[in-house]
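Inspection log for the structure reproduced underneath, given as structure tokens.
Taken together, the values in this text are just the output of simple stated rules run on the coordinates, not laboratory data. Here the structure is a predicted model, which is why all the values come from computation and not from measurement. All Cβ positions, glycine included, derive from the backbone under ideal geometry; neighbour counts span all protein chains shown.
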Amino acid sequence: MLMLLGCCTTIPFIEGPSENLKIIPGGIGDVRPYFGDLRLVTSDDSEAVFLLASCGCGDWRVLIQPHDGSPQEQFAIHFYNESGDYADPGDVLAYGKDETLPAEFSAILQQDPGLLDGRVINGDTKFLVSAVRGDAHATVTACGMCHLGDNPIHPLPAEHPTKYLTDPTVCLECHTAG
């Protein structure tokens, strides 16, 4: 009879910041948003729109808008590097966790080329995410995801004209982004 004995190690799907990394107060220097797609680890098909955006004052958020019409989810993240200086170029770790959803996000953000590759756990579902830095002035998707619809970060005030709720692409007719 042959017996195989061994030790199994579980490799975490998402890793948070290690002890040698420091939080970057205020986030990263280039505050342009990152746009991408979320896909299941077992599929190449996009399951949701992904946005990583600054909401001002160093508050950065992950926003996930599922294609199936489920409500948008969003939660805060922070950036980490070895120096803790927002002006340092190079790669940084973006990480956030929200126990109430529950959701967790971890990604390497390549600041110089403006690329992001990471992972998201939302409930029991594991996703991969790829995103690129965009321009908030040209891509008004960020306006809609942050201010309109289900679970926005900063909902429009009650006195805001309601006609803009039906077409977020008209935001820049009255407002400037940035």
Expected sort for 147-155, 38-46 on mean C-beta neighbours within 10 Å, highest first, is 147-155, 38-46
Note on segment 22-135: contact order normalised by length, alpha-carbon pairs under 8 Å, 6 or more apart, percent, works out to 27 percent
Summing +1 per Lys or Arg and -1 per Asp or Glu among the other residues with Cβ less than 14 Å from residue 58's Cβ gives -2
